[in-house]
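The values are calculated or read from the model by the stated rules, or taken from the named source; none is laboratory data. Not measured: the values here are computed from a predicted model. Because the Cβ atoms are built from the backbone with ideal geometry, glycine has one as well, and the counts that use them run over all protein chains shown.
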Amino acid sequence: MPNIDRSYYKPLLALLPANMQATAERFIRAIQEQKTVELASYVTIEQLEEADHGDLKGLSDDDHTQYYNEERGDGRYSRRSHEHTAESGRSVVSTAIDYTVTASDSIILASGTTTITLPLGISGTVYDIKNVGEETITVIGNEDIDDGETAVLSVQYDSVTVVSDGSAWYVI
């Protein structure tokens with residue numbers, strides 16, 4: 001197809017709203033380059049209702065990273081329970097659900113009405129537990145904590161550090 005002289009269609013473009021002029025020029029260039037251009041496709045409500053969505057392809061592709069999925073989680077929020085390892089080698093666990101501390105844990109950041117369960121103590125094991133939410137965090141152990149059954153963090157940003165002597169937990 002021969003080139004269409006811009007001076008020919010320029011007055012016509014001026015008749016279009018400003019937001020449509022660039023699109024019209026792209027369309028004219030596509031015609032000159034003999035490219036296929038899809039202007040629009042229309043689907044009726046009835047066609048949508050009758051569509052078999054089981055035939056859709058590419059739904060398992062993870063090409064929309066802005067959306068939540070189980071593997072990635074949601075970038076706007078922390079997962080309900082997850083772990084970070086600091087450069088110091090101390091691991092940090094954030095949880096909003098009841099959580100049983102493991103030997104590899106070091107710092108537990110808890111929110112929500114949550115129970116943190118300490119494991120059987122190994123002499124010298126230290127855990128730091130902090131309430132980062134507005135609800136009450138209850139710390140329980142398989143052994144007593146300072147001769148009691150629990151430690152309670154009822155105020156946001158309360159924290160407790162506990163150490164085991166192998167038979168009991170102590171707040172330090």
Could you please let me know if ALA110 is aliphatic (A, V, I, L, M) and farther than 21 Å from GLN156 by Cβ? no
Name the residues in the stretch 125-172 that are among the hydrophobic types (A, V, I, L, M, F, W, C), surrounded by fewer than 13 Cβ atoms within 10 Å (Cβ to Cβ) and not in a strand (DSSP E or B), would you? VAL155, ILE172
Looking at this structure, is ILE122 among the hydrophobic types (A, V, I, L, M, F, W, C) and at pLDDT 90 or above? no
